[in-house]
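Scroll down for the structure; my scribbles are underneath it.
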Amino acid sequence: MFKLCPANIARNGFATSTICAGLLWGAAFWTMLGAKGVAAQDGSVPILASTEFGWLADTEFLPPPGGPGPVTFDKAHPYVRNNTVGQPTFRIGDLTNPILQPWVVERMKKDNDEVLAGKVAFTARASCWPAGVPGFMVFGCGGRTVYFIQTPKEVTIINEGDQQVRHVYMNVAHSARPQSSWYGESVGHYESGDTLVVDTIGLNDRTFIDNYRTPHTDKLHVVERWKLAEGGKTLDVDIRVDDPGAFKMPWSARQVYQRTPQGAMTEQVCAENNTNYFGHNVSPNPMASIVDF
């Protein structure tokens, strides 16, 4: 069972105990159905939820098989990870990517210059901010495990890092005028017994597309196709991004999650412990204006 289900504490706009209870209920529901992280035998629902394993991915988007793709590092300033050979670096985005509109290039250049001059680069995880979409799929420092809760009406996707949560409402249409929010309005459906399709609009413009700090507008529209592969050992995500306010054209990216036998989700607190070491003051801690219970 789960290692930590703390008391009902409001954090980042949701209550932790509600998540823990939902994970337990959802996992039990799919366990009764024989959940094994594989495509459904009846051709309807891929089973992604479990208390025995989660899904772990890298913090970089992968390029699509063809066509315009995501921002990656500037070749003049290669990204070097922690715990690898060489001096670790912050990410410096490649501003020559043809998808970027001029104002995006200008803003990213200013940010790149500040980081090269010594500023600590912003990441949602390090600053305890919501990642948004599609940033949720590269959220974390070295990657964080993702868990699913599946019910007939809703799929909840939870990133273990600070319990970032997405709600996907199944088999319904988008609202006529969805309220702008950190994770927007996501609706979804299943296809072919092995794929979860998620369509998201209504995102605010306070997040970044990726860890290269690529901005976007509230016109952002993201479609994801989460597909089980390799006999349920991987979860491959095809991502389609369209934002006429920030990008010259729609573009695509990929992410690959590995099934990891990590067991139940552990609590990874962030904001409560994120003190301002060394006076960097990268970003203030997020605070909800009202409690959610």
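Side notes on the structure shown:
- Condition broken by GLY67, with the remaining ones in (1) in contact with a Phe, Trp or Tyr (Cβ under 9 Å, 6 or more places away or on another chain); (2) open to solvent by 10 Å² or more (accessible area, probe 1.4 Å); (3) at negative phi satisfied: (3)
- A Cβ distance below 9 Å, combined with a sequence gap of six or more or placement on separate chains, defines the contacts here; from region 110-126, residues that are over 17 Å from ASP210 (Cα atoms) reach residues that are open to solvent by less than 50 Å² (accessible area, probe 1.4 Å) in the pairs GLU114/ALA121; LEU116/ILE92; LYS119/ASP111.
- In region 34-62, the residues that are on the phi > 0 side of the Ramachandran plot reach residues that are part of a loop (DSSP other than H, G, I, E, B) and modelled with pLDDT of 90 or more with C-beta atoms within less than 8 angstrom, at least six apart or across chains, in these pairs: GLY34/ILE47; GLY37/ILE47; GLY37/LEU48; GLY37/SER50; GLY37/PHE53; GLY43/SER192; GLY43/GLY193.
- Those residues of region 243-293 which are closer than 30 Å to PRO102 by Cα, open to solvent by less than 60 Å² (accessible area, probe 1.4 Å) and either among the acidic types (Asp, Glu) or modelled with pLDDT of 75 or more (or both), in sequence order: ASP243, GLY245, ALA246, PHE247, PRO250, TRP251, SER252, ALA253, GLN255
- Screening the candidates ARG177, ARG225, ARG213 for the property of being of a type outside the set (A, V, I, L, M) and closer than 14 Å to MET137 by Cβ yields one hit, ARG225.
- Considered as a group, the residues in region 96-125 that are in a helix (DSSP H, G or I) and open to solvent by 90 Å² or more (accessible area, probe 1.4 Å) include one that is nearest to GLN164 (Cα to Cα), and that residue is ARG107.
- Applying the condition of being modelled with pLDDT under 90 and under 17 Å from THR51 (Cβ atoms) to region 154-170 and asking which residue is surrounded by the most Cβ atoms within 10 Å (Cβ to Cβ) yields ASN159.
- Within region 171-221, being open to solvent by 30 Å² or more (accessible area, probe 1.4 Å), at pLDDT 95 or above and at positive phi holds for one residue alone: ASN171.
- Those residues of region 174-197 which are in contact with a strand residue (DSSP E or B) (Cβ under 7 Å, 6 or more places away or on another chain) and farther than 17 Å from LYS219 by Cα, in sequence order: GLY188, HIS189, TYR190, GLU191, ASP194, THR195, LEU196, VAL197
- Within the span defined as region 21-39, one or more residues are open to solvent by 30 Å² or more (accessible area, probe 1.4 Å), within 22 Å of the chain's Cα centre (by Cα) and modelled with pLDDT under 50.
The values are calculated or read from the model by the stated rules, or taken from the named source; none is laboratory data. Note that this is a predicted model, so its numbers are computed, not measured. Don't worry about glycine lacking a Cβ; one is built from the backbone with ideal geometry, like all the others, and counts go over all protein chains shown. Ligands, DNA and RNA are excluded from the accessible area calculation, which covers all protein heavy atoms including side chains. Shrake-Rupley method; radii C 1.70, N 1.55, O 1.52, S 1.80 Å.
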